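Trainee: After the structure tokens below, expect a handful of questions from me.
Quick note: the coordinates plus some simple rules give every number you see, no bench work behind them. Since we're looking at a predicted model, the values are computed, not measured. All Cβ positions, glycine included, derive from the backbone under ideal geometry; neighbour counts span all protein chains shown.
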Amino acid sequence: MNIILKSIAIALAFSLMSLPVLGQMGDGKIGEDMMRGKAKEMMNEGKDIREKGGMVGMGFMHSEGRSFGNYVTFSVDNSTGAVLNYGISGSTIFDYINVSGFNFKESATMGSLTRITNKDRSVVIQLHDNPSAVININTISTTSLIFTLAQGVTATKEDKLINISADNITAFIVAGNATSINIAAREIRIEATKGNIIFRAAPVNVPVLNRKFMGEMMKNRAGAEISVGMQDKSSIVNYSEDINVMIRSIERDRMRMTINSQDHSGKFIMMDIDNTSMMWNERQMIRLYLDNKSLRQVMSEQELYDATESSFWLNMMGKNRMQAVMYIANFSERQVDIVVEDNITSTATPGSTSTTTPEVTKTEVSATPKTPGFEVMIGLLGTAVAYRMRRKQ
């Protein structure tokens, strides 16, 4: 009888040992099985968690050390600060994103932004849950970064631009401040000085690569990227230290924002409007106004990037979905209106100097503070609650 009981006990022990470890271990590390879970599984699990939590659109929810966004999923090792299992729409892109010698302090989330910092704030990793799945890594000193590619993901280098290809995802890493870039097997190693390393994918909802926009990041001429989606939730990523974007109002047929910069030189602004915020039909058109004057519309992306005067290029992708890239030739504080107008009754033409747009009286929606890559998201859910994870001391 004792032999039988001992055999059962041993079998039970082995069974328990084979189960995945959940939550946090005693030393503060996230269980390896959880960290290495596939992005597709995380995305499916995240959909259930978000649905039960009433989460709609852009924004992260958390469960047992994992972050579940509408577009992006990942885990953070709260011992090293490494980003694990970074995926976009269920496709794993990076197994790990590591910063050498990163003395992890905390991981904090508000809305669709997760920010990971080290103790002296010399490195800040910012991950955005938006259609372009932006990662912005800001450094103030010489830093070594390692991106470990997931199985099946490839990377090629063109000077300081790295092309990433995985499943149906196409993306770039822009490393304008890099002193060296090496790609070996599945590892991308970047040595960088003060500045920003930026990862950006072709938007999931408007699959246009915008390679030229990435090139403008290298020239410090990419100012910001604004995404607006379900329930008027917004994601604002500022690529320049001096630029600040504030969304004043969002209505069915118009959106108003102010953009200012201490750097008065020209900047490009990317705008991604999803089909659940502004609405239009085939008899209507989209017009942009800069300081209440109709902004010149160009007919090609190349024409926009060659422009010397304020202009915009519009890319309509199916019903009620569009992407616009705007060039503002000089800065003080500028007001930008995106307006849905009837083709039949509109008397203005692209390039005209109409000085009237309908007044917007709604209250302020969202804004970006000065830190590059930071975003604030305020939607119909009301005030966002920050989530923080600190390293155990």
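Trainee: I'd like the projected area of the stretch 86-132, averaged over all directions, using the convex hull of its alpha carbons. Report it in nm² with one decimal.
Mentor: 3.8 nm²
Trainee: Report the Rg/Rh value for the stretch 55-144, based on alpha-carbon coordinates and the Kirkwood definition of Rh.
Mentor: Computed over Cα atoms, the ratio is 0.95.
Trainee: Too long at a 21 Å Cα-Cα cut-off: which of LYS219/LYS267; LYS160/LYS219; LYS119/LYS233?
Mentor: Details: LYS219/LYS267 10 Å; LYS160/LYS219 12 Å; LYS119/LYS233 31 Å.
Result: LYS119/LYS233 exceed 21 Å.
Trainee: List the pair-distance distribution P(r) of the stretch 183-304, using every Cα-Cα distance, as the percent of pairs falling in each 10 Å bin from 0 up to the bin containing the longest distance, rounded to whole percents.
Mentor: Using 10 Å bins, I get a P(r) of 10, 36, 38, 12, 5, 0 for the stretch 183-304.
Trainee: For Cα pairs less than 8 Å apart in space and 6+ apart in sequence, what is the mean separation divided by the residue count of the stretch 234-314, i.e. the relative contact order in percent?
Mentor: Value for the stretch 234-314: 18 percent.
Trainee: Over 15 Å apart: what share of the alpha carbon pairs of the stretch 127-206 falls there, rounded to a whole percent? The partial results should precede the final answer.
Mentor: Numbers: 1745 of 3160 pairs.
So the portion of pairs separated by more than 15 Å is 55 percent.
Trainee: Ranked highest first by average number of other Cβ atoms within 10 Å, how do 108-116, 215-223, 180-188, 140-148 line up?
Mentor: Details: 108-116: 23.6, 215-223: 18.9, 180-188: 14.0, 140-148: 17.3.
Peptide ranking by packing, descending: 108-116, 215-223, 140-148, 180-188.
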